[in-house]
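Take a look at the structure below.
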Amino acid sequence: MAATAANEELFDVVMVGGGIMSATLATLLGELQPGMSFRVYERLEDVALESSKAANNAGTGHAANCELNYTPQKPDGTVDIAKALAINAAFETSLQFWSYLVEKGELTRPLGFLTPVPHQSLVWGEANTRFLRARHTQLSAHPMFQDMQFSEDPAQLAAWMPLAMQGRELDTPLAATHVPRGTDVDFGRLTRMLFAGLAGRGGFSLKLRHEVRGLERMPDHTWRVRSLDLASGQCHAVRARFVFLGAGGAALTLLRKSRITEGKGYGGFPVSGQWLMCSNPGIISQHHSKVYGKPSLGAPPMSVPHLDTRIIDGQQALLFGPFAGFSTKYLKTGSYLDLIRAVGPGNLWPMLAAGWHNLDLTRYLIGQVLQSPEDRLAELRKFVPTARLEDWNLEIAGQRVQIIKGDPKVGGKLEFGTEVVAAADGTLAALLGASPGASTAATTMIYLILRCFSERAQTGDWQSRLRRMVPSFGHDLSKEFDLLRTVRDRNDAVLGLA
């Protein structure tokens, strides 16, 4: 790094937030341009303790295998699979990037963060069975999902998901799909591995227990980044040619502080979560899959109910949920004033309008907050009919912030997804939103690089490096089936997914 006229260190890139997105972006940029200087600020005592932490994050390698909210049903009864194809391709990009890092020796023991776990969907009732059958018909006809199996046979369902079928009354139609090529990803462990690799390179520094408090665009087009050392109470300032705001829900607050035109009108609606975590090893050992159901009316995407095998720091766990709640915090370890601080003249009306047009979500959250332990047990028994309350503990999950955007027709609307908001000159970008989030980190960060480092990204050197890291770069895996097979064969072999 260099020094500015104000004797402040100058970095090529400053990142706010020590999660999977910052780790992925720094690794990609480090591969594209060796020698680039980085500074990462994290307000907690270690990286990956907020949204990237395994017990906070959704944990599924989101590939649209089992998440029914990615395949909405149309009025004519057919199913829209466009989003499923895009998300599946995005996860394949992540797998390619991880395979490259394993082959290069930057990541070791891939099964330390990645575990083969089947992805399944389970529904009951005539209407839901028809929906799942239609979904399977359309998805399995596409090479991306050709291995997806469908069954209404209780015996087959018992073989796929024994815990979910034990003691179940068979007085209503049941249906399920099964995809053997599913994964569980410990994004907390992966994040720590990526940062460990970055720490071994020159020009990289990580500042823990440092909270970014201010952003100021300078006349020379750099950014002055002010931070507070939470341990000593001292304030510091550095300069950056590029700033990435990857601080989870807090990215919205920092985006407002940047005052870039592109950030105007954005707001955020915080949604907290809770898990029921199984404490009985005998029950945990009976289940080895991710079983997703249909969301309740008004539920946000991250609240789709699922019975989830999770590998957390090498130990198998079993979770059910998440149960949604409401908190004014934008981070799990944030402040109850976060929501108030994020509201200003530019986004007040979009936030109020979005609330008015999403009363179903409001009613859903109120119902979730008022749930008793017995209410949560009743929901769990839809997936584990023999469940007992004493075998499950209620744990706080991560905090998510749904994007609210200004809309000329309705004033403001909720956006369910992940979005990059970038300054016109490409010197600052913020990542907003939630699901599918971490699973599509490589795709999202490559998009950010193409947007914010556009001139260098078009050079032959960067293009060839991107293709080495992600062989499908510049291609559409949902249409190029020979390339899809080649990519999957390589990923399976390198990452141990075969």
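Values in this text are rule-based calculations from the coordinates and carry no lab data. Computed from a predicted structure; not experimentally measured. Cβ atoms come from the backbone with ideal geometry, glycine included; neighbour counts cover every protein chain shown.
Computed quantities for the displayed model
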{"item": "Relative pair counts by distance (%), Cα atoms of the stretch 2-482, 20 Å bins", "result": "23, 57, 19, 1"}
{"item": "Computed FRET value (nearest 0.05) for R133 with R363, which takes r as the C-beta separation and R₀ as 35 Å", "result": "0.70"}
{"item": "HN-Hα J in Hz across the stretch 71-77 - Karplus 6.51, -1.76, 1.60, θ = phi - 60°, x for Gly and Pro", "result": "10, x, 8, 7, x, 7, x"}
{"item": "Proximal lysines relative to K83, as straight alpha-carbon distance under 17 Å, when same-chain residues fewer than 8 apart are discounted", "result": "K74, K294, K479"}
{"item": "Whichever lysines have a C-alpha closer than 16 Å to that of K405, once near sequence neighbours (fewer than 8 apart) are set aside", "result": "K264, K413"}
{"item": "Mean-position separation - Cα centroids, the stretch 253-292 and the stretch 424-498, in angstrom", "result": "23 Å"}
{"item": "Fraction of antiparallel bridges per DSSP, the chain only, in percent to nearest 5", "result": "75 percent"}
{"item": "Peptide ranges 199-208, 9-18 listed from the most packed, as the mean C-beta count within 10 angstrom indicates", "result": "9-18, 199-208"}
{"item": "Angle in degrees between helix 481-495 and the longest Cα principal axis of the chain, rounded to the nearest 10", "result": "80 degrees"}
{"item": "Peptides 454-463, 283-292, 268-277 ordered by average Cβ neighbours within 10 Å, highest first", "result": "268-277, 283-292, 454-463"}
{"item": "Exceeding the 30 Å Cα-Cα cut-off - candidates K257/K409; K104/K257; K104/K332", "result": "K104/K257; K104/K332"}
